[in-house]
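Below is one structure; the comments refer to it alone.
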Amino acid sequence: MTDQGQSCGFSSQENEHQKQDIEIRERLAHIKNKILVMSGKGGVGKSSIAAYLSVVLAKRGYRVGLMDVDLHGPSIPRLLGLKGSLRPGTEDKKARPIAYLPNLDVISIEPLMGQDKDQATIWRGPLKIGVIRQFIADIEWSDLDYLIVDSPPGTGDEPLTVAQTIPDACALIVTTPQEISLADVRKSINFCKHVNMEILGLVENMSGLVCPHCGKMIDLFKTGGGKITAKQENIRLLGTLPLEPDVVQNGDVGNMSLLDDGDRPFTSSFDGIVDKIISIEKNKVSFPMA
């Protein structure tokens, strides 16, 4: 009797998993381009790049979804100054993501955690995998031009789950110029090769600081590391981004207005990166390697 009950339980779980697989495939079929933003280590500005990319694409008229799967340290809500909560969906037991712009919707674990935003998320792998799958299957994403996925640093459960659940996703890898970051980036590149994930390109963040007094560039974290790594690994260098104090300060208070200032060096460089991403995804243009 017990064995039969256990067997029925396993059968029920398998059926639920298969049903969810179907829902995931149906959701993803309505999303044209999927980009996983990842990094080898923390502190390189990966979440900022994911947020900026989503906002710029949305302001250019594309329909964008931003999915934050950094379940232990979600940064997206604070970078965007995100307010509100999930909205009721039209389907039973489904929900709609949080609207940030008319054509940019966001999902993150932080708005689901209640009032205590500093509460630690202490979850093992299977639970994290389940949440990421629910972010796709149980959320009513509209037809999207781009789904941007912000992953935690490293090559653990979250990026692996994304790679397995969204098999046509491309990786955008973020680094800083110093060797300690580049060494971890090479691990991310090998991860993508191992799971057969196409690498969209490499972005070198914090690539020099313009002195506010003399106007000269100060290479705080060395220079050219991203270009050298991209050439060695035969991947695209999408661009380099300078370190600007105003960018950091605006990120701390959830202000994205700097992206409207085309004269700012950071914004100008970032717009060039977005131009390349759009061209690659739309036309599969083969940009020269670094």
What are the pairs with Cβ atoms under 6 angstrom where one residue, in segment 220-246, is more than 15 Å from Val44 (Cα to Cα) and buried (at least 18 other Cβ atoms within 10 Å of the Cβ) and the other, located anywhere, is of a type in the set (Ser, Thr, Tyr) and at pLDDT 90 or above? Sequence gap at least six, or different chains. none
Residues satisfying the stated conditions in segment 86-108, i.e. assigned to a loop (DSSP other than H, G, I, E, B), in contact with a Lys or Arg (Cβ under 7 Å, 6 or more places away or on another chain) and within 19 Å of Ile148 (Cβ to Cβ): Leu86, Asn103
Test Lys216 against the stated conditions and say whether it is of a type in the set (Lys, Arg), more than 18 Å from the chain's Cα centre (by Cα) and either surrounded by 13 or more Cβ atoms within 10 Å (Cβ to Cβ) or under 16 Å from Pro152 (Cα atoms) (or both). no
In segment 70-85, which residues are at pLDDT 80 or above and either closer than 18 Å to Ser142 by Cβ or in a loop (DSSP other than H, G, I, E, B) (or both)? Asp70, Leu71, His72, Gly73, Pro74, Ser75, Gly81, Leu82, Lys83
Can you tell me which of (1) modelled with pLDDT under 90; (2) of a type in the set (Val, Ile, Thr); (3) in a helix (DSSP H, G or I) is the one Val285 doesn't meet? (3)
Inspect segment 195-205 for any residue being over 23 Å from Ser279 (Cβ atoms), modelled with pLDDT of 90 or more and β-branched (Val, Ile, Thr) and give the result as yes or no. yes
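The values are calculated or read from the model by the stated rules, or taken from the named source; none is laboratory data. Worth saying up front: this structure is predicted, and the values here are computed from it rather than measured. All Cβ positions, even for glycine, are placed from backbone atoms using ideal geometry, and neighbour counts span all protein chains on display.
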